[in-house]
1. So in the stretch 14-44, with the set limited to residues that are modelled with pLDDT of 95 or more and open to solvent by less than 10 Å² (accessible area, probe 1.4 Å), which one is nearest to Ile84 (Cα to Cα)?
2. With respect to Ala23, determine if the residue is in contact (Cβ under 8 Å) with a residue 12 or more places away in the chain, assigned to a helix (DSSP H, G or I), in contact with a helix residue (DSSP H, G or I) (Cβ under 7 Å, 6 or more places away or on another chain) and at negative phi.
3. Considering only the stretch 102-127, state which residues are farther than 13 Å from Leu149 by Cα and at pLDDT 90 or above.
4. Find the residue count for the stretch 264-293, including only residues that are in a loop (DSSP other than H, G, I, E, B) and of a type in the set (Gly, Ala, Ser).
5. Report those strands (runs of 3 or more DSSP E) wholly inside the stretch 48-152 carrying at least 1 residues which are open to solvent by less than 20 Å² (accessible area, probe 1.4 Å) and free of Cβ contacts under 8 Å to residues at least 40 places away in the same chain.
6. Of everything in the stretch 228-263 that's in a loop (DSSP other than H, G, I, E, B) and of a type outside the set (Ser, Thr, Tyr), which residue is nearest to the chain's Cα centre (by Cα)?
7. Do any residues in the stretch 181-196 that are in contact (Cβ under 8 Å) with a residue 24 or more places away in the chain and in a helix (DSSP H, G or I) have Cβ atoms under 8 Å from those of residues that are open to solvent by 100 Å² or more (accessible area, probe 1.4 Å) and of a type in the set (Lys, Arg), where the two are at least six apart or on different chains, and which pairs are they?
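The values are calculated or read from the model by the stated rules, or taken from the named source; none is laboratory data. This structure is a prediction, so every number in the text was calculated from the model and none was measured. As a convention, Cβ positions derive from the backbone with ideal geometry for all residues, glycine included, and neighbour counts pool all protein chains shown. SASA here: full protein model, heavy atoms, side chains in, ligands and nucleic acids out. Shrake-Rupley method; radii C 1.70, N 1.55, O 1.52, S 1.80 Å.
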Amino acid sequence: MSMRRIDRAVADYTALRERLLPATDEFVELVTGIIDDAGINYLSVTGRTKSVGSFAAKVRGVLTADSSADPLRAVTDQVGVRVITYVQRDIDAVAGLLAEQLTVLDDRDLGEETAAAGRFGYASRHLLVSRADGEPTAYDPQFCASVQLRTVLQHAWAEFEHDIRYKGTVPPEQVPDLDRRFTLAAGLIELADREFQAIRDRLQAGLGDSSVDAGDALDPRISAQELATFLAGRYSSAGWSRTEHYAWISGLLLELGIASLDELSATLRDVDSAAVTAAMGYRYPPGAVRRLDDDLLARFGDAYVGLHGNAHRREALEARRTHLPG
């Protein structure tokens, strides 16, 4: 391994990094928009541009393994995006969404790989995606990002484990016991993730029959909690959406003159939701807010596209309308 090659690679990356900073922001905005548009619930979407120090450390390993490698192509996480969801099922949905709208150059489910080896441990899904035009097959740092998908619990385990191990303060004689304890914690987290999914499924199944707080009497919109309950009953197979998205679409309903669940129910009475969803051709279960968004688009057409609250996404709505029957 040539130190001159490493130094040159680090210098090249230092010069490139300034151009990757805005690319990182653009990827975060792009991924957030894709997930929000689908109405999938999540905790956070964050991004980072790899630091020069981190790149230098990684490129040493790359060139040690393959001295002929192109460092700026071989280190594929120069732009990184992390999506934290609440349950495992939403990770699968987000991965499907990204595959629909971006080119996936690589897809590794490290949790599945760990399980296939009969172990418990690090669980995270890593996608390498490209937003370049055409059909890119190779990594280009200015158009690609490494997208990491984790549940809240998987993220907590990974961050704690990384913090402990990489501080380098664990005495060698304690390493076996530390490994055992991290393995035990990983198994408990996998179980907890399953229970969280079961809890959400159970609550969602019964939500349609629950009584809810009517919300702020001074706010003319249908409350987010009322709307969530109504949509859970109407779209029983749909996943939950982010809390703020219920409030957002309630504002659109008010623009349409719909200020009560009775009015909303009457408005949707003749809409064949199953046919609308089938026409959209989703490869993932769309969230409840997205299902309502589609039904309102089918019911009102131009009037819905033209709402003030839809000004930022009229082009996307028009594209979706082309899929609707009739």
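1. Looking at the filtered set, the residue picked out is Val31.
2. no
3. The answer is Leu102, Thr103, Val104, Leu105, Asp106.
4. Total meeting the criteria: 1.
5. Strands (runs of 3 or more DSSP E) meeting the threshold: 125-130.
6. The initial filter retains those residues of the stretch 228-263 that are in a loop (DSSP other than H, G, I, E, B), namely 235-238, 240-242, 256-260.
Narrowing the set further to residues that are of a type outside the set (Ser, Thr, Tyr) leaves 238, 240, 242, 256-259.
On the way: Ala238: 16, Trp240: 13, Arg242: 12, Leu256: 30, Gly257: 32, Ile258: 31, Ala259: 31 Å.
The extreme case among them is Arg242.
7. Thr183/Arg119
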